[in-house]
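S.K.: Could you have a look at this structure, given as structure tokens, before my questions?
The values are calculated or read from the model by the stated rules, or taken from the named source; none is laboratory data. Remember, it's a predicted structure, so these values are computed and weren't measured experimentally. Note that we place each Cβ from the backbone using ideal geometry, even for glycine, and neighbour counts take in every protein chain shown. Side chains are part of the model used for accessible areas, which takes the heavy atoms of the whole protein and leaves out ligands, DNA and RNA. Shrake-Rupley method; radii C 1.70, N 1.55, O 1.52, S 1.80 Å.
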Amino acid sequence: MNDHRTGTGTNKRTARRRRALAVAAVLAAAGTTLTALPQPAIAAPPRPAAPAALPPQTIADPVHFWNDVLMEVVRREGGGPGPMSRSAAMLNAAIYDAESSYQLKWKGKITSEPYIRAEKYAGWLEGPDEEERVVGRTAYNILLGLYPSQTNYLDARFRERFGTEPTGFDLLDTTIVGPMVKQMRDARNGDGSDNDQVYVADNKPGAWRPTSYPDMVDPSCNRDSQAVTPFWGKVKPFALTSGSQFRPPTPGLYGTYEKLLADDAYKRQVDAVRKAGADGPTDATRNVERTPEQEAVAWFWANDEDGTYKPPGQLLQATREVATQRKLTTYENARLFALVSIAMADAGIAVRDVKFLTPIDLWRPVSAIRDSGLDPEWKPLLKTRAGVNVTPCFPAWASGHATFGASWAGVMKRYFGSDNIAFTMTTDEPQSPIKSRSFTSFSQAAKEDAQSRVWLGVHFPWDAEDGLVLGDKIADHVYTTKLRKL
């Protein structure tokens, strides 16, 4: 566990030891240990007086607060959208089961089934702010396990929320928080998310390859081995039976790259993105068929670079906006965020299956246009904040943005019983000329998210179309098999 507390070396070691003992005590109470941590015999802490009331909250709902914490952690950590969506699913499913346990204990019932298990925990009287403490302490411990390098930040947010130290004793750690944390960690141990197998690109025309050209130098994508999470499609899903369960047929229909490149439909795809996604002025002299509004929309949905909350984070932020607008309770929020997060986590797995584990690992538009000789100087609109044109370091087919967006929209419209709900969402993309955008339906947002990738020049139209279909199938499966109404 990384620890960056300031002070002398002795103080650092003392702080680390105190943290190790506190976390180990919580897990030991739930029947597990962190094997890397020392486990000396210590006297059980005395039962404290009832916790004081929480400090005034700027974010009222604890589910919203801890999802905000996750998004800031992602900004700090960076990384691909697959791992981020896995973290969100672990966080929100654990919160939901903890909140369901609270409902069972003090409200007498739950109205929808838990993700793993909810239980009536020990206790005679409900303590002050107990619902908040159950949710918050579960969330903190899940995030601490996922992002140990962010200990200082997580501790600071815990203090902000509770006005106490996260290492302080709370009986809820033993009675319910520990079991909730343990069951989620147990469920995800060995899920394949730590697979560091190296990807080897096929050199055939049509196959994905690093896209670092002399005028598009991207040090993060100039070798096969830099392909981002190439075997994420093998990760154990949260709801699907496998990452290939709803695999779209299109890539496999061609079978070989030679057949793909000879097909007229493929040639139309290349021509469409060549015109709509090129960098440069949107006018007839450059043959760029993209309006200024479409260009602004393309950037609104980007969130590609590290330092942003990434595509799943943007959709979690939109979930919060809608939930606040609809005045959901904490229990309702916990279920909604869990459903959305589970769907997006499985979307991240399923879309990586399509990208890397099907017969066609489709090259990006810049490779299709340049390497075929169609336009050796063509560049996609997408670029870094330093002005370097780039393209994501993994195959095009299918679009992750489209799949994430459709899985999110599919859950939202099923949860609220209608697609036609107006809402406004924001962006974390520093290059976006617009910071908020309003929609009249969830599907409208998802379709725009998908289309934005063509306007940025990093996807073909069929990447977006297949991603939308894939995402909605995932949403339907998640909603009809998990956290169902009782």
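S.K.: Just wondering, is there one or more residues in the stretch 120-134 that are open to solvent by less than 10 Å² (accessible area, probe 1.4 Å), within 15 Å of H64 (Cα to Cα) and part of a helix (DSSP H, G or I)?
M.R.: yes
S.K.: Restricting to the stretch 188-213, what's the tally of residues that are in a loop (DSSP other than H, G, I, E, B), open to solvent by less than 40 Å² (accessible area, probe 1.4 Å) and within 30 Å of D263 (Cα to Cα)?
M.R.: Adding up the residues that qualify gives 6.
S.K.: Is it the case, given these coordinates, that A239 is open to solvent by 30 Å² or more (accessible area, probe 1.4 Å) and either over 21 Å from T403 (Cβ atoms) or at pLDDT 95 or above (or both)? Break it down into steps so the answer makes sense when it comes.
M.R.: Values: open to solvent by 30 Å² or more (accessible area, probe 1.4 Å): no; either over 21 Å from T403 (Cβ atoms) or at pLDDT 95 or above (or both): yes.
No; evaluated as a whole, the condition is false for this residue.
S.K.: Testing F394 on (1) farther than 30 Å from P210 by Cβ; (2) in contact with a Pro (Cβ under 8 Å, 6 or more places away or on another chain), one condition comes back false. Which one is that?
M.R.: (1)
S.K.: A further question follows. Six or more apart or on different chains, Cβ under 8 Å: which pairs go from a residue in the stretch 132-158 that's without any contact (Cβ under 8 Å) to a residue 12 or more places away in the chain to one that's open to solvent by 10 Å² or more (accessible area, probe 1.4 Å) and among the acidic types (D, E)? Could you list them?
M.R.: D155/E165
S.K.: Can I ask one more? Hey, can you tell me all the residues within the stretch 235-254 that are under 17 Å from the mean Cα position of the chain (by Cα) and among the charged types (D, E, K, R)? It would help to see each step written out before you state the result.
M.R.: So the first thing to find is which residues in the stretch 235-254 are under 17 Å from the mean Cα position of the chain (by Cα), and the list is 235-240, 243.
Within the stretch 235-254, just K236 meets the criteria.
S.K.: Test V134 against the stated conditions and say whether it is touching a Ser or Thr at 6+ places or on another chain (Cβ under 8 Å), farther than 28 Å from L240 by Cβ and among the β-branched types (V, I, T).
M.R.: yes
S.K.: Now, a different point. Quick check on my filter: what residues within the stretch 398-425 are buried (at least 16 other Cβ atoms within 10 Å of the Cβ), β-branched (V, I, T) and closer than 12 Å to A445 by Cβ?
M.R.: I421
S.K.: Of the residues A98, A94, A88, which single one is under 17 Å from P311 (Cβ atoms) and surrounded by 24 or more Cβ atoms within 10 Å (Cβ to Cβ)?
M.R.: Just one listed residue meets the conditions, A88.
S.K.: Here is a further query. May I ask you to say which residue of T138, T151, T164 is assigned to a helix (DSSP H, G or I), touching a helix residue (DSSP H, G or I) at 6+ places or on another chain (Cβ under 9 Å), surrounded by fewer than 22 Cβ atoms within 10 Å (Cβ to Cβ) and of a type in the set (V, I, T)?
M.R.: T151
S.K.: Follow-up question, since we're still on this one. Can you run down the residue pairs with Cβ atoms below 7 Å, 6 or more apart or on separate chains, where the first is in the stretch 344-369 and among the hydroxyl-bearing types (S, T, Y) and the partner is surrounded by fewer than 24 Cβ atoms within 10 Å (Cβ to Cβ) and outside any helix (DSSP H, G or I)?
M.R.: T358/R247; S367/R209; S367/T211
S.K.: Could you please find all residues in the stretch 361-377 being in contact with a strand residue (DSSP E or B) (Cβ under 6 Å, 6 or more places away or on another chain) and open to solvent by 10 Å² or more (accessible area, probe 1.4 Å)?
M.R.: D361
S.K.: Separate question: What is the number of the single condition among (1) at pLDDT 95 or above; (2) surrounded by fewer than 17 Cβ atoms within 10 Å (Cβ to Cβ); (3) within 29 Å of G82 (Cβ to Cβ) that E295 does not meet?
M.R.: Of everything listed in (1) at pLDDT 95 or above; (2) surrounded by fewer than 17 Cβ atoms within 10 Å (Cβ to Cβ); (3) within 29 Å of G82 (Cβ to Cβ), E295 misses just condition (2).
S.K.: Is it the case that the stretch 105-112 has a residue that's at pLDDT 55 or above and assigned to a helix (DSSP H, G or I)?
M.R.: yes
S.K.: I'm trying to understand the selection: among the residues of the stretch 318-348, which are of a type in the set (A, V, I, L, M, F, W, C) and in a loop (DSSP other than H, G, I, E, B)?
M.R.: Of the stretch 318-348, the ones of a type in the set (A, V, I, L, M, F, W, C) are 318, 322-323, 328, 334, 336-340, 342-345, 347.
Answer for the stretch 318-348, where residues must be of a type in the set (A, V, I, L, M, F, W, C) and in a loop (DSSP other than H, G, I, E, B): just L328.
S.K.: If you scan the stretch 255-275, which residues turn out to be within 32 Å of the chain's Cα centre (by Cα) and among the basic types (K, R)?
M.R.: Residues satisfying the conditions are R274, K275.
S.K.: Between a residue in the stretch 43-72 that is closer than 27 Å to K327 by Cβ and surrounded by 10 or more Cβ atoms within 10 Å (Cβ to Cβ) and any residue that is among the hydrophobic types (A, V, I, L, M, F, W, C) and at pLDDT below 95, which pairs come within a Cβ distance under 8 Å, given they are 6 or more apart or on different chains?
M.R.: Taking only residues 6 or more apart or on different chains, the pairs are F65/I59; D68/I59.
S.K.: Mind listing just one residue for me: the one in the stretch 74-85 that is assigned to a helix (DSSP H, G or I) and touching a Lys or Arg at 6+ places or on another chain (Cβ under 9 Å) and, of those, surrounded by the fewest Cβ atoms within 10 Å (Cβ to Cβ)?
M.R.: By that ranking, first place goes to R75.
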